[in-house]
Every structure is written in structure tokens, then in C-alpha cells.
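> Structure in C-alpha cells, see below.
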Amino acid sequence: MSPDEIYKVEFFNAEIVGAPRSLPARVAPLPDEALASWLLRFAEPFGVWPEALLLGDGEMGFATHPDWWRKPDPLVVAALARGTGVSSDRIRLLSFANWPDDGIIDALPDRFGRQRYTAERPSHQSRRIGICPDCLAEDEVPYVRRTWTIGWLTACPTHGTVLIRTCPECGVKLRLPRLSDATYFAPDRCRRCAHRLARVASMIAAEPVLEFQRRILDGRPAGIVDLPQIGKIGWSVAVALFDMLLGAVWIDTKPTARDVLFARIARDFGTARLGELADGYQGLVILAWMFEAWPKRTQAALAMLRAVRPRRQMQRWPTLDAAIRGQVEALFLTAWPDERDNDERGSWRAWIDNLPQTGEELRAQARQERLPHRRARLMAIADVRDGLSVEAAAEVADVRPRTLYRWIKRGAQGGLEVALERPSGQLSGPQAAQLAEWIANAPSAGPRWRTNRVQNETLRRFGVEITIYVADRLLRMHGPWRRRKVLARRKLTVAPVYN
Ligand SMILES: [Zn+2]
Ligand SMILES: [Zn+2]
């Protein structure tokens, strides 16, 4: 249809609003135009708000939510088709009517921004948009793209420009007008201060971020995301996985630890350092970096962040749908090398399976134990005997999986009793006494000695190698330093829920 072409339009309620019987085609939908944008442009020449112009009383009831145009009711689509002469199919393509719902609100602005993970109750204003100044600068008739209304989209797919969501002049958040407003529709200007948005300076998104966004944007209409190394997963699983990863970055971590991660990302992408007030763009930067080398990068990130282990991270999302949780768990736990299933087939498995005691008997034995370390080991071994994975049993015992593997492997080599005992080294009584005296005479005002100093001294004096556990125990028992504060198990923050 050429811009000058005129077409006839029958108005549903033409006599009420006194609209003309024909309309210039310049109000035909433009490429990737959002339904709301098109309706606002369509109604403007009449000086009437779109809902009053195009919807009858019957349809109004289906258009009460301020964002109804994202997923318009079929009755409303039919009325719009009648009122504008544009086909229902074409109208649906201006909305997200064809996208599977999957329970995720694409409208939520900065969906992967920091606020989503830290704010108690993040504000959800309707009609929020981002704009691409480069697109607006090229527009003959300025209009709002459908993609700009996706809350997690952070860069213009055409120009690679990071979308502007706030007026740089007055700071107001950019929004579409209500469809019940008869205000002048000028999407190229700030609605508060009339600043020209087409002239706004913008930043080009990093290439890996654009690539990552392309992946999710391509897959979203079908509800499937194709992630590198992972393959195709459902949109809701992908979003839950992204939440898990970004939650691990923002929840219960220290700014200094995050700084280490952000410096690394900035170095790898050759971009400016991410800030603490991270928006949706920075959320995608973090994800893009993690998925460049899955799961290696995620392992590195969790280590840099000193984040709690994946099993505990999962607990931040107690309301996650069980089916989604299972899939996320399977993906997320591979990010932790000790938590992979293949270690389960280790040679120690036969030893555990053939233990004469059942899990229950091992637990009963544990309850009889006086020494806490023997009790903890028996309980963990009982869990594995009962079929729990080593990683899960380690989680229960609150030790690293690596530690539990060590206990079990020692047991497989030397029997249960060996698994329960701390390696003592081969120090004789007099040797231990000499070391104790040497440690006790250390200057108490100086820094606490490190275990390797004790290990080296033992080797030098007696030619005996002791483990760091023995060295540490000697330091703790005989050292003149104040006791090191035992770190309490960190409190786990549950992520805010508002999908
Ligand atoms: Zn653009
Ligand atoms: Zn402004």
C-alpha cells in the first residue's frame, strides 16, 4: 500500500464520534509497529482517544488492563479490524497475541536488571518502553516498535544501540500514552519535557550481547531458546535459569566480590565496567558472558563471587514450578564440577553399596558417636548409602562435595573406620609437644601463622609430612592468637517473586 493511497473505512461507532468515512493510508501499520502505537496514530487525526474511536461498549470490557494491546482479546481484534479495515491477522502481528504465554511477563521493564533480584517489591509500571534514537532519527513518521515494548530487550536489533528507557533531559521513564488518552502522540519526544529523543546520544551494545539477545529474541515467539552448549530449552526454563544465574550475582554477594567479576567481564568484552545500578542491558551483559563458555564461565563467576553453592542457590526460588525446577537444576548443577553425576560411577560406589550396615544402621551408629566429626561423616555416608548423590549429601552435611568424596574414597581404600578418622599425620607424642611449644611461643601481636609454616617446620625438624588439618589443629590448640571467628552459615535470601 503506498503512503498516499486512500482507503475506505467503516467505523463501528462513526456516528458517535463524527469521524470521516475515509482515511489516509499513512496510518497503515509500519514495520514492527506496536499495536498501541498504531492505534494512537490512527485515532490522532480525529482528536479522539483510540478506545473511544474503535471499541464499542462490548469490547471495552476486554480492554481494561492498560497493557491489553499486548495480548488483545479476539473480540477486541475483531472490532479493531472492523473499525480500521486492517485484517485481524495483521492486527494480531502488531501484538504478542501469537506468543506463548509461559507465565512470563515480557512487559516487565529491565526484566534482567539488578532490581529484579534485590528490590522487595519492584515497581511494575505499565506501558513502559525503550526507544532507539537511531530508529527515530530515520523515521518519516515517528512510531514505537513492538520490540521496544519487550521489557528484557536492551538493544535495537537493527542498529545495535542500547535502548533509552529514561529521558536523558528530565529523567522521566519513557512510556506509551494510555489508549484512553486523546493527547498528541509524539513518540520522538519526551512526554514531560518534550526533549527530542531522536537526537539522544546512545551507546552501541557489545557484540556478544547483541548475539545473545538475538538468540532469545529469535526463539521467544515459539517459546524456545537455543543456548550455546545447552541447546534448545523452553522459554520459562531459560528465564528461570537466567534468574538463577543473575540471582547468584546479586543476592547475598559483596560489592568487592562483584567488582572482581565485573572487571573480568569488562576486560573480556572490551567495554566499560558494569556499575552497581545495573539495568537490563547489564543483566544481558552478564548472561552473554556466562554463556560464551558454558559452564566454565559460570563456575568462574560463582567462585569470584564467593557465592553459595548451586544447590543452595536453588533454594532462593521456593515457588518455582516443579517441572521447571527439575530442568533448571539439571542445567545449573553441571556448572559446579563436583556436582556432576559421572563421579557417581567412581570405584567407591561398590564399597558404599556393599557396606554391611544399612543407611539406618549407620545413622544409629552416628547417634552413638561422641565426636562431632565422626558423627557428621557417618551421617553423610548414610545418606549416600541410601542413594543420595554425593553432592546432595554434602549439601546436607554442609561440607564441600570434594570433602565428602575424600572421606568416601578413603573408606573405599581402608574401610569405614578410616573414612571416619581425620588423618593424624605421623607425629609422635614428643614431636607434637615440641611443635606445640614452638607454636605457643609465637608473638601473639603478630599475624596468625599459616598452616604451611607448621608443615614446613615439621618436615624440617622431624622429616615428617603432616596434613593441613593437623597443622591447623595444632595452630588452633596452641597458638597465642585470638580465636578466629567461625563464620556462621550465611543466611540465604529468597528472591522476590513477581512474575
Ligand atoms: Zn534502531
Ligand atoms: Zn524529558
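The values are calculated or read from the model by the stated rules, or taken from the named source; none is laboratory data. Keep in mind it's a predicted model, so treat the numbers as computed, not measured. Neighbour counts are summed over all protein chains in view; Cβ atoms, including those assigned to glycine, are modelled from backbone coordinates with ideal geometry.
> Which one is nearest to ligand 1 (Cβ to nearest atom), of the residues in region 166-200 that are polar (S, T, N, Q) and within 14 Å of Ala36 (Cβ to Cβ)? So that I can check it myself, show each step before the final result.
As a first pass, look at region 166-200 and keep what is polar (S, T, N, Q): 166, 180, 183.
Remaining after also requiring within 14 Å of Ala36 (Cβ to Cβ): 180, 183.
On the way: Ser180: 29, Thr183: 25 Å.
Among those that are polar (S, T, N, Q) and within 14 Å of Ala36 (Cβ to Cβ), it is Thr183.
> Looking only at region 127-165, filter to residues that are more than 9 Å from ligand 1 (Cβ to nearest atom), among the aliphatic types (A, V, I, L, M) and part of a loop (DSSP other than H, G, I, E, B); which one of those is surrounded by the fewest Cβ atoms within 10 Å (Cβ to Cβ)?
Val141
> What do you reckon, is Ala52 in the same structural domain as Ala34 (by TED's automatic domain parsing) and of a type in the set (Gly, Ala, Ser)?
The answer is yes for Ala52.
> Is region 60-71 home to any residue that is at pLDDT 90 or above, of a type in the set (A, V, I, L, M), part of a helix (DSSP H, G or I) and surrounded by fewer than 22 Cβ atoms within 10 Å (Cβ to Cβ)? If you could, list the steps in order and put the result at the bottom.
Initially, region 60-71 is screened for residues at pLDDT 90 or above, giving 68-71.
Keeping just the survivors that are of a type in the set (A, V, I, L, M) gives none.
No; the residues of region 60-71 include none that is at pLDDT 90 or above, of a type in the set (A, V, I, L, M), part of a helix (DSSP H, G or I) and surrounded by fewer than 22 Cβ atoms within 10 Å (Cβ to Cβ).
> Listed residues Arg220, Arg199, Arg264; which is within 16 Å of ligand 2 (Cβ to nearest atom) and touching a residue at least 12 places away in the same chain (Cβ under 8 Å)?
Arg199
> Read through the list (1) within 16 Å of ligand 1 (Cβ to nearest atom); (2) aromatic (Phe, Trp, Tyr); (3) surrounded by fewer than 23 Cβ atoms within 10 Å (Cβ to Cβ), then give the number of the only condition that Trp99 fails.
Of the numbered conditions (1) within 16 Å of ligand 1 (Cβ to nearest atom); (2) aromatic (Phe, Trp, Tyr); (3) surrounded by fewer than 23 Cβ atoms within 10 Å (Cβ to Cβ), the odd one out for Trp99 is (1).
> While we're on this one: Among the residues of region 263-292, write down those that are in a helix (DSSP H, G or I) and within 15 Å of the chain's Cα centre (by Cα).
Gly280, Tyr281, Gln282, Gly283, Leu284, Val285, Ile286, Leu287, Ala288, Trp289, Met290, Phe291
> Which of the numbered conditions does Tyr184 fail, given that it passes all the others? Conditions: (1) assigned to a helix (DSSP H, G or I); (2) loosely packed, with under 15 Cβ neighbours inside 10 Å.
Tallying (1) assigned to a helix (DSSP H, G or I); (2) loosely packed, with under 15 Cβ neighbours inside 10 Å, Tyr184 fails exactly one: (1).
> Being in the same structural domain as Gly414 (by TED's automatic domain parsing), buried (at least 17 other Cβ atoms within 10 Å of the Cβ) and either within 19 Å of Arg410 (Cα to Cα) or modelled with pLDDT of 90 or more (or both) is the requirement here; does Asp353 meet it?
no
> Moving to a separate point now. Out of Ala257, Ala288, Ala263, I need the residue that is modelled with pLDDT of 95 or more and among the small types (Gly, Ala, Ser). Which one?
Exactly one of Ala257, Ala288, Ala263 is modelled with pLDDT of 95 or more and among the small types (Gly, Ala, Ser), namely Ala288.
> A further question follows. Which members of region 201-218 meet the condition of being surrounded by 17 or more Cβ atoms within 10 Å (Cβ to Cβ), assigned to a loop (DSSP other than H, G, I, E, B) and within 14 Å of ligand 1 (Cβ to nearest atom)?
Answer for region 201-218, where residues must be surrounded by 17 or more Cβ atoms within 10 Å (Cβ to Cβ), assigned to a loop (DSSP other than H, G, I, E, B) and within 14 Å of ligand 1 (Cβ to nearest atom): Ser202, Ala205.
> Take Trp152 and decide whether it is aromatic (Phe, Trp, Tyr), over 17 Å from Ala186 (Cβ atoms) and more than 14 Å from ligand 2 (Cβ to nearest atom).
When the stated conditions are applied, Trp152 passes them.
> Taking the conditions exactly as written (within 16 Å of ligand 1 (Cβ to nearest atom) and closer than 25 Å to Thr319 by Cα), does Ile224 satisfy them or not?
Against the criterion (within 16 Å of ligand 1 (Cβ to nearest atom) and closer than 25 Å to Thr319 by Cα), Ile224 does not qualify.
> In region 293-337, which helices (runs of 4 or more DSSP H) lie fully inside it and hold 1 or more residues that are over 21 Å from Val260 (Cβ atoms) and in the same structural domain as Met244 (by TED's automatic domain parsing)?
The helices (runs of 4 or more DSSP H) meeting that bar are 310-314, 322-332.
> Also, I was wondering about something else. Test Leu435 against the stated conditions and say whether it is surrounded by fewer than 17 Cβ atoms within 10 Å (Cβ to Cβ) and either over 37 Å from the mean Cα position of the chain (by Cα) or in the same structural domain as Arg311 (by TED's automatic domain parsing) (or both). Steps first, please.
Working: surrounded by fewer than 17 Cβ atoms within 10 Å (Cβ to Cβ): no; either over 37 Å from the mean Cα position of the chain (by Cα) or in the same structural domain as Arg311 (by TED's automatic domain parsing) (or both): yes.
Criteria not met by Leu435.
> Can you pull out every residue in region 370-393 that is in contact (Cβ under 8 Å) with a residue 40 or more places away in the chain and either within 34 Å of the chain's Cα centre (by Cα) or surrounded by fewer than 18 Cβ atoms within 10 Å (Cβ to Cβ) (or both)?
Passing the criteria: His373, Ser389, Val390, Glu391, Ala392.
> Something else: List, please: which pairs have Cβ atoms under 7 Å, are six or more places apart or on different chains, and start with a residue in region 170-190 that is under 19 Å from Leu136 (Cβ atoms) and touching a residue at least 40 places away in the same chain (Cβ under 8 Å) and end with one that is surrounded by fewer than 17 Cβ atoms within 10 Å (Cβ to Cβ) and basic (Lys, Arg)?
Matching pairs, first to second residue: Asp188/Arg196.
> Restricted to region 193-212, and to residues that are under 29 Å from the mean Cα position of the chain (by Cα) and of a type in the set (Gly, Ala, Ser), which residue is nearest to Cys156 (Cα to Cα)?
Of everything passing the filter in region 193-212, Ala205 is nearest to Cys156 (Cα to Cα).
> Does Asp89 satisfy the condition of being charged (D, E, K, R), in a loop (DSSP other than H, G, I, E, B) and either farther than 21 Å from Arg127 by Cβ or assigned by TED's automatic domain parsing to the domain that holds Val225 (or both)?
So Asp89 fails the test.
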